[in-house]
Amino acid sequence: MSTRDTIVLTDVALITASVPSGNADKVVKAAQDAGAQGASIHYAYGRGVRERLGIWGLAIEAEKEVINIVVSSDQLDRIFEAMYLAGNMDMPGMGFIWVTPLEKAGTFVPADILRRLEARGEIKTGDERRAPELPSLEEYQDEHGLFRTSGKG
């Protein structure tokens, strides 16, 4: 049976922005220029005050683009501000942006990055993490925001 490692990120947040259709590319570009690694964009319909301008004053459905970006807590404010400004979200009808703290997230982390983190003592592997002198899992999460556990797979 092989052993697989699970990489768990704990110091991360989800930035979500809902913008008018056609605006997502410039908002994502600003986020990437500020340090974001990537984004997911999906399409939605929304209604708001701006869409009530039809000839009869009826609500008109408007297409929206919804952007999701997971960022580390130390990047959060910089990327949030870049997205807000690029999307002109200080103008009526230009969108809404919010942050959701994430308890934990998992993804692929390249081996070279893991080696660098291990060399700096920011993550532990193998039996080292079970040594009695290590802090509890909760203390380790709070202190480092990134940890590595093993599972059978």
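No value in this document is a laboratory result; all are computed from the given coordinates. As the structure is a computational prediction, the values presented were derived from the model and not from experiment. Positions of Cβ are generated from backbone atoms using ideal geometry, with glycine treated the same way; all protein chains shown enter the neighbour counts.
Using 1/(1 + (r/R0)^6) with R0 = 41 angstrom and r between the beta carbons of Asp33 and Thr6, what's the FRET efficiency to the nearest 0.05? Working shown, then result.
Numbers: r = 31 Å, r/R0 = 0.77.
FRET efficiency, Asp33 to Thr6: 0.85.
Pop a pseudo-label 7 angstrom from the Cα along the beta-carbon direction at both Val99 and Ser21 and give the gap in nm to one decimal. Going from the Val99 label point to the Ser21 one covers 3.2 nm. Each Lys or Arg adds one and each Asp or Glu takes one away; over the other residues whose Cβ falls under 13 Å from the Cβ of Ile79, this sums to -2. Once both labels are positioned 7 Å from their Cα atoms along Cα-to-Cβ, the gap between Ile113 and Glu81 label points is 2.4 nm. Near Ala62, the amide H atoms lying under 5 Å from its own belong to Gly46; only residues 5 or more places off or on other chains count, and H is placed 1.01 Å from N.
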